[in-house]
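What follows draws every value from the coordinates through simple rules; no lab data is involved. Since this is a predicted model, take the numbers as computed values, not measurements. Virtual Cβ from ideal backbone geometry, glycine too; neighbours counted across all protein chains shown.
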Amino acid sequence: MDTMIGIIGGSGLYEIDGLEGAAWQAVETPWGEPSDEILTGTLDGVKMAFLPRHGRGHVQTPSTINYRANIDALKRIGVTDVISVSACGSFREDMAPGHFVIVDQFIDRTFAREKSFFGPGCVGHVSVAHPTCPRLSAACEAAARAEGITVHMGGTYLAMEGPQFSTLAESKLYREVWGCDVIGMTNMPEAKLAREAELDYASVAMITDYDSWHPDHGEVDVTQIIATLMGNADHARGMVKRLPALLGASREVCEHGCDRALEFAILTGPDARDPELVAKLDAVAGRVL
């Protein structure tokens, strides 16, 4: 199988120098419209796809993003490995603004989003005990370190609904009681859907600020946060440019089973399945259906 790296991120992350044959591609999905067209091309011999999570111009809120359409569209065009790059707040003093965290666990506090491709007529249960791919995460860590980024390997991401930021009481709960490391609004249900679609998934959290728990949080000027955000985007572009050399153009079967997550997940018998839902699952679950 050929490797195709899919990057889901902000506006700065599809401006990659050296992307050959770059073209925006509209992808239709049975789940509705993705956040935007997908920029596809080749970088150092490896196929790449870039999807602006919020759409160009940042027009989608964390709750209105069509996560199912985004993941389906990436799978439909041949993406094998998805790397989520997102801005996050930090719950840890040592995970400072400008640092990257390679997330390996999530606590999902979102409630207003469609979280599964499966449903009545075709019931599926996948394991997300380990929601990110160790192989892909290790490649992101290596690329970030080679770029000179301060990166922390492993961390728990608290996914909140938004669009408001957390209260002080919530921030202290997530940090002191639940032991979370970073907080964001967009990696759930994205990670769950990627697993259902049998896509290897890695999450890179780019820290822009400390959450409201920090005593100096209120003293941080917005211009400082924006400057950190822009610096993170520059670093992320550098990290992404190093990924093709690390992942290679030819892809082996995932040793962790991410690309076979549906092997025993579908419980509804063939004769009882809803044909309409099965048709919608052609890209996501066609291998097993």
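Odds and ends about this structure:
- Count, lysine Cα pairs under 16 Å in the stretch 4-285, 8 or more residues apart or across chains: 6
- Distance between modelled label sites at residue 125 and residue 234, nm, 7 Å Cα→Cβ extension: 5.0 nm
- Checking every one of the chymotrypsin sites (Phe, Trp or Tyr not before Pro) in the stretch 182-289 against DSSP loop status and a limit of 12 other Cβ atoms within 10 Å picks out 264.
- Largest first, the three principal axis extents of the alpha carbons in the stretch 4-285 are 61, 43, 35 Å in whole numbers.
- Along the chain, the exposed loop sites are GluC sites (Glu not before Pro) outside DSSP states H, G, I, E and B with at most 13 other Cβ atoms within 10 Å, and the longest stretch free of them is 94-251.
- Between the beta carbons of residue 272 and residue 115, assuming R0 = 22 Å, the FRET efficiency works out to 0.45 to the nearest 0.05.
- Theoretical FRET efficiency, 1/(1+(r/R0)^6), r = Cβ-Cβ of residue 63 and residue 250, R0 45 Å, to 0.05: 0.70
- Volume per residue that the Cα convex hull of the stretch 242-289 spans, once the total is divided by residue count, Å³: 96 Å³
- Antiparallel content of DSSP bridges confined to the chain, in %, to 5: 40 percent
- A Förster radius of 45 Å combined with the Cβ-Cβ distance from residue 216 to residue 44 puts the calculated FRET efficiency at roughly 0.60.
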